[in-house]
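Step one of this worksheet: look at the structure below.
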Amino acid sequence: MQGFLSYPVSGVPCVPIIAELHFFEASTDSDEQLFDLIGYQKRNTSEFLTDIVIPNLKTQPDWLLYPLIEFILDKVPIAGKPHLIHFLSEVPFVRVCDKNGREALTRVKPSEVIDRSSVLSDLYFHNEQVFGSGAYSSDGPHHQSLSILGMISRFDATIATERIQHYHRYDENDNEVSKKSRLLLTHLNDVEFDDEWLPFMRIPAFNCDGAPNQPVVLHPSMCRPKVYEPLVGGVLGIVQIHIEEFLCTKFGWNDDIEPRIISDRINHIIQSARSSSDVQLDLYPVLDYLNTTTSNKDIISDYVTEGKGIRSQKAWLYGSGEGL
């Protein structure tokens with residue numbers, strides 16, 4: 001065995017592949033005594049991992065790397081070992097599954113795992129394979145190690161970007177998307193809003209046509225908070241949840257309502273009202289809004305232009321509001 005180093009080990013589930021290094025099983029007292037006689041002292045598990053396994057992890061094939069990492073996590077506290085933490089955080093060794101326990105075929109890095117025990121869990125659908133599985137699950141022995149290695153447990157701009165774009169791919173009538181979009185809005189209070197999110201934003205609202213109580217998710221330009229219902233009802237979706245003021249500003253809800261929308265609202269009132277008194281009653285907040293909001297003459301002209309066709313149908317329409 002000249003040219004080779006030999007190490008007796010015991011209770012070891014796997015050993016690394018290292019050139020010119022051989023490992024021998026020494027699990028019994030007689031084995032240990034024999035190796036002592038020939039000058040090979042058995043190393044304990046901690047020494048074996050720290051002195052031999054960890055320094056040689058980078059050269060191991062994947063099929064061997066995974067069990068070696070689990071062996072390390074079982075036996076060696078990784079806290080306070082920055083070099084080991086940095087290496088392990090870059091290795092896709094974590095088994096993941098969805099909320100139903102179905103495991104993914106590939107492993108991922110710790111920084112790609114979502115902490116199932118965190119508030120983030122509710123932002124993910126049942127079929128998304130992003131949660132630690134087996135020993136890496138929320139009640140598994142390596143869960144705490146994943147936290148040290150970068151597992152995601154807090155909401156940030158990166159999560160916001162990924163979730164906003166992911167929800168955008170779903171049908172607007174998907175009830176589950178509506179629920180998750182609603183939850184996402186509460187998390188957006190904790191991060192700085194990125195204007196690049198706006199084209200992909202989906203707001204939980206109630207339908208503006210068809211079944212009025214049908215929950216949908218709409219782009220902010222296609223809906224308004226419930227307080228605006230007298231001005232946009234039947235034209236835009238109605239948002240019945242609380243939206244923080246800074247988000248209302250980002251969504252453009254504090255700007256003047258477009259003339260086209262006001263025109264469509266008036267049309268909706270005329271076409272859906274059961275009597276002329278209903279028309280006048282429903283028109284009042286619209287005309288009052290025009291009277292108090294559109295002080296700029298150019299803006300007023302835009303509203304009048306949009307409403308010409310309606311005015312020809314109902315001669316008294318614009319005369320119903322004092323000051324118009």
Review point. Quick check: anything in the stretch 136-159 surrounded by fewer than 20 Cβ atoms within 10 Å (Cβ to Cβ), of a type in the set (Phe, Trp, Tyr), touching a His at 6+ places or on another chain (Cβ under 6 Å) and not in a loop (DSSP other than H, G, I, E, B)?
Key: no
Check your understanding: Any residue in the stretch 165-173 that is polar (S, T, N, Q), farther than 16 Å from residue 200 by Cβ and touching a Leu at 6+ places or on another chain (Cβ under 9 Å)?
Key -> no
Exercise for review: Among what's in the stretch 160-171 and is surrounded by 18 or more Cβ atoms within 10 Å (Cβ to Cβ) and not hydroxyl-bearing (Ser, Thr, Tyr), pick the residue that is nearest to the chain's Cα centre (by Cα).
Suggested key: 163
Practice item. Report yes if residue 129 is outside the structural domain of residue 242 (by TED's automatic domain parsing), without any contact (Cβ under 8 Å) to a residue 60 or more places away in the chain, assigned to a helix (DSSP H, G or I) and within 30 Å of residue 64 (Cα to Cα), otherwise no. Key: no
**Study point:** Any chance residue 252 is surrounded by fewer than 18 Cβ atoms within 10 Å (Cβ to Cβ), in contact with a Lys or Arg (Cβ under 7 Å, 6 or more places away or on another chain) and within 30 Å of residue 166 (Cα to Cα)
**Key:** no
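Residue-by-condition table, conditions (1) surrounded by 13 or more Cβ atoms within 10 Å (Cβ to Cβ); (2) in the same structural domain as residue 207 (by TED's automatic domain parsing); (3) assigned to a helix (DSSP H, G or I):
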residue: 242; (1), (2), (3): no, yes, no
residue: 248; (1), (2), (3): yes, yes, yes
residue: 264; (1), (2), (3): yes, no, yes
residue: 268; (1), (2), (3): yes, no, yes
residue: 280; (1), (2), (3): yes, no, yes
residue: 283; (1), (2), (3): yes, no, yes
residue: 286; (1), (2), (3): yes, no, yes
residue: 290; (1), (2), (3): yes, no, yes
**Study point:** Given (1) in contact with a Lys or Arg (Cβ under 7 Å, 6 or more places away or on another chain); (2) closer than 28 Å to residue 11 by Cα, index of the condition residue 50 fails
**Key:** (1)
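The values are calculated or read from the model by the stated rules, or taken from the named source; none is laboratory data. Quick caveat: nothing in here was measured; it's all calculated off a predicted structure. Virtual Cβ from ideal backbone geometry, glycine too; neighbours counted across all protein chains shown.
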